[in-house]
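Derivation of every value follows stated rules applied to the coordinates shown; laboratory data play no part. Please read these numbers as outputs of a predicted model, since none were measured by experiment. Counting neighbours? That spans all protein chains shown, and the Cβs are built from the backbone with ideal geometry, glycine included.
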Amino acid sequence: MPRYTLQVNGAARHIDADADTPLLYVLRDALALRGPKFGCGLGQCGACTVHLDGQAVRSCLLPVQAIGTQAITTLEGLGSAAQPGRVQQAFIDEQALQCGYCANGMIMVSAALLADTPRPSREQVQQALAGNLCRCGTYQRICQAVLRAAES
């Protein structure tokens, strides 16, 4: 089994995995990072979203062999329960989530959007989040949270 060195949340992590193992499984199973979730396994729901060199990507579709030296950031890399990042704090302040299953994907896509577009319009936020599914339907509060994070 090949050995990979991944840059995850600012630290080098060594893992053994088959080359075609989805990054999501490596993050959750080998590295015990619970931010990214398994939703659909088809890259359609967004629950597994992580950042690769700052770009939001679906980790369920990405084989570990394709990562190379790209920096991986998971939800845990944006902040913690004790010190949430600005997007995480905005989601808390706006009570943007109900069940929380979509939280990882919504927050990761929102953080990538704000890194590229610091002051997005409501339409830009809606467009960025269009590929993420929320089972509870809290899209309006999620959108408001992203706009709040942009103001902070």
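Tabulated data for the structure shown
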| read-out | value |
| --- | --- |
| Listed residues Ala112, Ala71, Ala82, most fluctuating in the chain (Gaussian network, C-alpha, under 10 Å) | Ala82 |
| Residue among Thr49, Thr117, Thr74 with the largest mean-square fluctuation in a Gaussian network model of the chain, springs linking Cα atoms under 10 Å | Thr117 |
| Hydrodynamic radius of the chain per Kirkwood, over alpha carbon pairs, in Å | 15.5 Å |
| Cα centre as origin, Lys/Arg/Asp/Glu Cβ charges: region 86-151 dipole, Debye | 80 debye |
| Local net charge near Arg86, Cβ-Cβ under 14 Å (Lys/Arg +1, Asp/Glu -1) | -1 |
| Relative contact order %, the chain, counting alpha carbon pairs below 8 Å whose residues are six or more apart | 23 percent |
| Dipole moment magnitude, nearest 20 debye, the chain about Cα centre, only Lys, Arg, Asp, Glu C-beta charged | 240 debye |
| Whole-Å distance, taken between Cα centres, linking region 87-125 and region 1-52 | 21 Å |
| Dipole magnitude of region 3-77, debye to nearest 20 (Cβ charges: Lys/Arg +1, Asp/Glu -1, about Cα centre) | 160 debye |
| Mean shadow area of region 3-77, taken as a quarter of the surface of its Cα convex hull (nm²) | 4.1 nm² |
